[in-house]
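Engineer: Quick one: the structure is below, and I'll ask about it shortly.
Just so it is clear, none of the values below were taken in a lab; they were calculated from the coordinates. Nothing here was measured: the structure is a model prediction, and the numbers come from that model. For neighbour counting, all protein chains shown are included, and Cβ atoms are generated from backbone atoms with ideal geometry for every residue, glycine included.
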Amino acid sequence: MKFEIVRDELLDGLNDVMKAISQKVAIPILTGIKIEIDEKGMTMTGSDSDITICTFIPAERDGEQLINVFEKGSIVLQAKVFSEIVRKLPTNEVNIQVKEGWQTQIHSGKSEFKLIGSNPDDYPILPEVQDEHSFSLPADLMKSIIRETVFAVSQQETRPILTGVHWEVKEGKLSCVATDSHRLARRLTSPEQMPTIPFSFVIPGKSLQELNKILPDNTDLVEIIIADQQVLFKTRNVLFYSRLLEGNYPDTSRLIPSESNTSVVVNGRSLLQAIDRASLLARDERNNIVRFSTDAGTVLEISSNSPEIGKVEEIVNAIEVTGEELKISFSAKYMMDALRAIDGQDVEIQFTGAMRPFILKSVGDETILQLILPVRTY
């Protein structure tokens, strides 16, 4: 195998593939990156068994020669070492040649590295993803869905199914839900060309976080293909495979209250900043609790009390308050996460009582919903 490649292109591809590399893998060869070269271009593959990322660099793009292929072939190189070498090479021209015994030479300017590679035949083959169900979403919408849900997945492995986001297609609509049993985040959307057959799957939160780093900030379509135990996200030059979580996701629809006794409309950014300040004295306390109360007018009081440090009170003027007066306590972190997901818009908060779950949603937008369980302090 022998080829010449533009360093910046190689580095971009490596940055994507490295997101699938872990040093804690049962199969030692998975600490490496598989590189395949032919006349069409270069394919790099990285995997940790749960996530597999393939990136393709074409030999030519828009009339510019990115790769000169002298001899096609394949090799597995140690991912960490190879990426560090490429990152620090002195020029933008990189020559790579594989000789007998998987001996690999990397030339750039006056630098020369010799790495010992591995047999690519020992690298696991890519998962077979048959096109059972598929649909497409714009990349920027995908990134929004991930940002608005993935933070609410459980970090506890005691219920593995809750460490993922539940994607469900029903009646032409896509519902994405995450919950750790103390809070819930839901995003609804109606993409074009949705499958008519209902289906659902649970994607690990970790996979979605890594996918989010790779997706472009544009409206390019991402094709989503779901198979038995795998999901494949296809962009123009990247294939992102993830295993799916096994098991039945709990029915979360019954957790969402359909009516409220108190409704508050408030600027989301103002409320977020007030809760952030109020939580300063409670950050060392377990659960980071703040208290929230309404009075007869539109004044909201947010407070926090730490016996060792002191007390803080914040006043926020709501746009509108209707219904019964209320005193309630909740996790400041959960509330701030929910407000960030709604992203600074005016927010409607609907309460059904001091010890009942309450919901947040953007005024005039039903697609994003956040639910939080209160904490007993009053």
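Engineer: With 25 Å as the limit, write out which pairs from LYS34/LYS234; LYS170/LYS333; LYS19/LYS88; LYS40/LYS143; LYS88/LYS213 have Cα-Cα distances beyond it, or answer none.
Structural biologist: The pairs that break the limit, which is 25 Å between Cα atoms, are LYS170/LYS333; LYS40/LYS143.
Engineer: Work out from phi, with θ = phi - 60° and the Karplus expression 6.51 cos²θ - 1.76 cosθ + 1.60, the ³J(HN,Hα) of each residue of segment 39-47, listed in order in whole Hz, and give x for Gly and Pro.
Structural biologist: 5, 7, x, 10, 10, 10, 10, x, 7
Engineer: What are the semi-axes of the equivalent ellipsoid for segment 221-304, taken as the square roots of 5 times the Cα gyration tensor eigenvalues, largest first, in whole Å?
Structural biologist: 41, 19, 16
Engineer: So if I take the centroid of the Cα atoms in segment 344-378 and the same for segment 155-170, what is the distance between those two points in Å?
Structural biologist: 21 Å
Engineer: Quick one: length gained pulling ARG61 to GLU223 fully straight, 0.36 nm per residue minus the C-alpha distance?
Structural biologist: Roughly 56.1 nm would be gained on extension.
Engineer: Further question: Expressed as cubic angstrom per residue, what is the convex hull volume of the alpha carbon set of segment 113-177?
Structural biologist: Each residue corresponds to 233 Å³ of Cα convex hull volume.
Engineer: While we're looking at this one, here's another question. Give me the number: length gained by fully extending ARG376 to ARG340, i.e. 0.36 nm times residue separation minus the C-alpha to C-alpha distance, one decimal in nm.
Structural biologist: 10.5 nm
Engineer: As I understand it, the value is the acute angle between the Cα axis of helix 268-278 and the longest principal axis of the Cα atoms of the chain; what does it come to in degrees, rounded to 10?
Structural biologist: Once rounded, one gets 80 degrees.
Engineer: A follow-up question, please. Rank by packing, highest mean first: peptides 295-307, 351-363, 43-55, with packing defined as the count of other Cβ atoms within 10 Å averaged across residues.
Structural biologist: 43-55, 351-363, 295-307
Engineer: Just LEU280, LEU77, LEU174 to compare: in a GNM of the chain, with alpha carbon springs under 10 Å, which one fluctuates most?
Structural biologist: In the Gaussian network model the winner is LEU280.
Engineer: I want to verify a result. In a Gaussian network model of the chain, Cα cutoff 10 Å, which of these has the top mean-square fluctuation: GLN65, GLN273, GLN209?
Structural biologist: Highest fluctuation among the options: GLN65.
Engineer: Using alpha carbon centroids, what distance separates segment 194-238 and segment 244-316, in Å?
Structural biologist: For segment 194-238 versus segment 244-316, the Cα centre distance is 32 Å.
Engineer: Then there is this: Of all GluC sites (Glu not before Pro) in segment 205-278, which ones are in loop regions per DSSP and have a Cβ with at most 11 other Cβ atoms within 10 Å?
Structural biologist: Taking segment 205-278 and a limit of 11 other Cβ atoms within 10 Å, the loop GluC sites (Glu not before Pro) found are GLU246, GLU259.
Engineer: Using a cut-off of 9 Å between beta-carbons, work out the net charge of the residues near VAL264 (Lys and Arg +1, Asp and Glu -1, VAL264 not included).
Structural biologist: Around VAL264, the surrounding residues sum to -2.
Engineer: Further, regarding this structure: May I ask you to derive the relative contact order of the chain, considering only C-alpha pairs under 8 Å and at least 6 residues apart, and to give it as an integer percent?
Structural biologist: 13 percent
Engineer: Under a crude label model (7 Å from the Cα following the beta-carbon direction), how far is SER293 from MET18 in nanometres?
Structural biologist: According to this spin-label approximation, the distance is 5.3 nm.
Engineer: Once phi is turned into ³J(HN,Hα) by the Karplus curve 6.51 cos²θ - 1.76 cosθ + 1.60 with θ = phi - 60°, what whole-Hz value does each residue of segment 141-154 show in order, with x for glycine and proline?
Structural biologist: Here the 3J(HN,Hα) series is 5, 4, 5, 5, 4, 5, 4, 8, 10, 5, 5, 8, 5, 6 Hz.
Engineer: For the chain, find the longest principal axis of its Cα atoms and tell me its angle to the long axis of helix 205-214, 0 to 90°, nearest 10.
Structural biologist: 60 degrees
Engineer: Only sites in a loop by DSSP and with at most 16 other Cβ atoms within 10 Å count here; which trypsin sites (Lys or Arg not before Pro) in segment 214-280 make the cut?
Structural biologist: Listed in order of number, the matching sites are ARG236.
Engineer: A further question follows. Along each of its three principal axes, how wide is the spread of alpha-carbon positions in segment 1-143, in whole angstrom units, largest first?
Structural biologist: 49, 40, 25
Engineer: Once amide H atoms are built 1.01 Å from N in the peptide plane, which residues 5 or more positions from VAL222, or in another chain, come under 5 Å H to H?
Structural biologist: LEU137, ALA139
Engineer: With viscosity set to 1.567 mPa s and temperature to 4 °C, compute the Stokes-Einstein D of segment 228-378, Rh being the Kirkwood radius across alpha carbon pairs; µm²/s, no decimals.
Structural biologist: Calculated translational D: 76 µm²/s.
Engineer: Dipole size in debye (nearest 20) for the chain around its Cα centre, Lys and Arg Cβ +1, Asp and Glu Cβ -1?
Structural biologist: For this selection, approximately 1000 debye.
Engineer: Related question: Mind checking the alpha-carbon convex hull of segment 268-330 and giving the volume per residue in Å³?
Structural biologist: That works out to 80 Å³ per residue.
Engineer: Rg over Rh of the chain, using C-alpha atoms and the Kirkwood radius, what does it come to?
Structural biologist: That ratio equals 1.08.
Engineer: What are the semi-axes of the equivalent ellipsoid of segment 133-253, taken as the square roots of 5 times the eigenvalues of the Cα gyration tensor, listed largest first and rounded to whole Å?
Structural biologist: 21, 16, 14
Engineer: Follow-up question, since we're still on this one. Once both axes come from the Cα atoms, what is the angle between helix 332-342 and the longest principal axis of the chain, in degrees from 0 to 90, rounded to 10?
Structural biologist: That works out to roughly 70 degrees.
Engineer: Amide H to amide H under 5 Å from GLY32: which residues, 5+ apart in sequence or cross-chain, H placed 1.01 Å off N in plane?
Structural biologist: Those lying under 5 Å, H to H, from GLY32 are ALA79.
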